[in-house]
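The values are calculated or read from the model by the stated rules, or taken from the named source; none is laboratory data. Note that the structure is a prediction, hence the values are computed from the model and not measured. Here the Cβ is made from the backbone with ideal geometry for all residues, glycine too, and neighbour counts use every protein chain on show. For the accessible areas, the whole protein counts, side chains as well, though only heavy atoms, and no ligand, DNA or RNA atoms are used. Shrake-Rupley method; radii C 1.70, N 1.55, O 1.52, S 1.80 Å.
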Amino acid sequence: MRINFSKPLNDLEGAPLVVPGSLIPMTLSSVCVTALVTLSQDDQNVDAKTKYDWGHLANQIYGKNELELSTEQIVLLKNRIGKLYGPLIVAQAWDLLEGA
């Protein structure tokens with residue numbers, strides 16, 4: 001599926017969210033890359049190959065407006081985003097990853 005990673009994420013009133021600690025608008029790209037490169041406590045025993053795969057996908061997404069992703073990659077992104085972010089960002093990111 002072709003995903004547009006440049007889509008912005010908004011607060012409940014429709015105003016653009018910004019990356020914490022900056023004035024940079026939060027996009028699907030920034031959310032996905034952060035979710036892939038940030039390890040949670042649950043990830044402490046993740047093997048090196050998995051970390052490599054996550055880093056490789058983050059590098060593919062970073063700086064791209066659009067990218068073709070497999071179903072498996074979309075599932076991975078949804079799972080990573082679900083671990084790291086709250087409901088507002090999860091809902092928007094998942095919708096965008098599903099083409100909504």
Open item on the list: Using the Cα centre of the chain as origin and beta-carbon charges of +1 (Lys, Arg) and -1 (Asp, Glu), tell me which of T50, P8, L97 is placed farthest towards the positive end of the dipole.
Closed with: T50
Task: Contact order relative to length of the chain, as percent, for alpha carbon pairs under 8 angstrom and 6 or more apart - done: 38
- [ ] Keeping the other protein chains in place, figure out the carbon and sulfur percent of the accessible area of the chain, with a 1.4 Å probe.
- [x] 57
- [ ] Could you go through the stretch 10-27 in sequence order and give the Karplus-derived ³J(HN,Hα) for each residue, using 6.51 cos²θ - 1.76 cosθ + 1.60 with θ = phi - 60°, rounded to whole Hz, and x for Gly and Pro?
- [x] 10, 7, 5, 8, x, 7, x, 7, 10, 4, x, x, 8, 10, 6, x, 7, 10
Task: Long-range HN-HN contacts of N10 with modeled amide H, under 5 Å - done: L17
- [ ] Can you work out the accessible area per residue across the chain, with the rest of the protein chains kept in place, probe 1.4 Å, in square angstrom?
- [x] 62
Open item on the list: Using DSSP to call loops (not H, G, I, E or B), can you name the GluC sites (Glu not before Pro) in the stretch 32-100 whose Cβ has at most 11 other Cβ atoms within 10 angstrom?
Closed with: E98
Task: Helical mean residue ellipticity (222 nm; -39500 (n - 2.57) per DSSP H run of 4+; nearest 500) of the chain - done: -15500 deg cm²/dmol
- [ ] Please work out which option in (i) 13.8; (ii) 14.7; (iii) 15.1 gives Kirkwood radius over Cα pairs in Å calculated from these coordinates, and answer with its label.
- [x] (i)
TODO: With a 1.4 Å probe and every protein chain left in place, tell me how much accessible area D95 has, in Å² to the nearest 10.
DONE: 80
Task: S29, S70, ranked by accessible area, largest first (probe 1.4 Å) - done: S70, S29
TODO: Give, rounded to the nearest 20 debye, the magnitude of the charge dipole that the chain has about its Cα centre when Lys and Arg contribute +1 at Cβ and Asp and Glu contribute -1 at Cβ.
DONE: 160
